[in-house]
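Shown next, in structure tokens, is the structure this report addresses.
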Amino acid sequence: MKKLITPLFHQSLIHPSMIWKNDVPLLHDGMAAAMMFGIGFAPISALALVLMGICSLPFATLLMVVPALVSAIGLSCCHHSYGRLMLRGFLMGIIAVTCYDCVRMVFVFAGWLDDFIPQIGAMLVEDRNHHLMVGYLWRYLGNGGGMGMAFVGAFVLLRKRFLMLRLLGGLKSALLFGVFVWACLIATLKISPHGEDIMFVISPLTLLLSLIGHLFFGYTLGCLMNRFKPERICE
């Protein structure tokens with residue numbers, strides 16, 4: 001009896017303002033999914049601005065990527081479950097883009113597709129020389145991790161609200177997401193004045209090879225979703 005009364009007695013002596021509580025309300029799942037989707041698409045959107053000749057990549061990074069990173073940190077600090085979900089999606093995206101590159105590099109070594117990633121590094125440091133390491137860091141930490149975060153966050157938070165997502169499941173949804181990202185890439189290259197010069201020239205062969213790579217990305221992402229079941233994080 002003494003052990004039960006003592007903690008209550010000590011708690012009564014503590015001022016209410018000294019008791020820490022997490023008073024930050026949980027975001028609506030739709031709003032959180034939209035935030036994660038926007039955060040994940042920030043790096044690739046910044047690159048799209050550069051391809052369309054709107055601004056330089058360093059400026060686009062300050063304009064879009066840095067605020068997205070700050071938003072991700074803020075969302076993670078306010079709601080740890082969202083932070084774990086974004087981290088899981090980020091890591092899945094890196095694994096998926098690695099599998100994508102394993103296929104893409106076969107096409108590059110065969111001479112069917114140019115490796116445009118070092119040019120991204122050159123644009124980021126504003127140097128004419130290609131920067132292989134910087135370009136691939138952007139690809140994996142920005143494009144790959146960001147796309148994984150966008151898909152995993154949106155799918156996990158919205159699948160209970162949309163019947164179509166439940167019917168498709170993680171694998172089919174991820175494949176469709178890969179096709180969606182590929183379509184956005186092709187559309188960006190077509191409307192950009194120098195997109196094909198920087199990335200690759202659109203032809204029937206490059207269309208097919210780039211689609212195959214994005215399908216591998218989506219397939220890997222879907223398999224990881226089914227294997228690790230990140231939806232448990234938010235339950």
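The values are calculated or read from the model by the stated rules, or taken from the named source; none is laboratory data. Since the model is a prediction, treat every value here as computed from it, not as a measurement. Here Cβ is always computed from backbone atoms with ideal geometry, including for glycine, and neighbour counts include all displayed protein chains.
Some values worked out for this structure:
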quantity	calculated
Any chance residue 151 is modelled with pLDDT of 90 or more, assigned to a helix (DSSP H, G or I), of a type outside the set (D, E, K, R) and surrounded by fewer than 21 Cβ atoms within 10 Å (Cβ to Cβ)	no
Hey, residue 218 buried (at least 21 other Cβ atoms within 10 Å of the Cβ), in contact with a Leu (Cβ under 6 Å, 6 or more places away or on another chain) and either in contact (Cβ under 8 Å) with a residue 60 or more places away in the chain or polar (S, T, N, Q) (or both) or not	yes
Helices (runs of 4 or more DSSP H) within the range 14-129 that include 3 or more residues modelled with pLDDT of 90 or more and small (Gly, Ala, Ser)	29-51, 66-78, 80-109
Residue check, residue 165 assigned to a helix (DSSP H, G or I), touching a residue at least 40 places away in the same chain (Cβ under 8 Å), closer than 27 Å to residue 29 by Cα and of a type in the set (A, V, I, L, M)	no
Filter result (in a helix (DSSP H, G or I), in contact with a helix residue (DSSP H, G or I) (Cβ under 6 Å, 6 or more places away or on another chain) and either closer than 24 Å to residue 95 by Cβ or among the small types (Gly, Ala, Ser) (or both)) within the range 183-209	195, 209
Candidates 135, 146, filtered to the one that is surrounded by fewer than 23 Cβ atoms within 10 Å (Cβ to Cβ), touching a Phe, Trp or Tyr at 6+ places or on another chain (Cβ under 9 Å) and not charged (D, E, K, R)	135
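One line per residue, one yes/no per condition, for (1) more than 21 Å from residue 57 (Cβ to Cβ); (2) not aromatic (Phe, Trp, Tyr):
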| position | (1), (2) |
| --- | --- |
| 92 | yes, yes |
| 108 | yes, yes |
| 121 | no, yes |
| 133 | no, yes |
| 151 | yes, no |
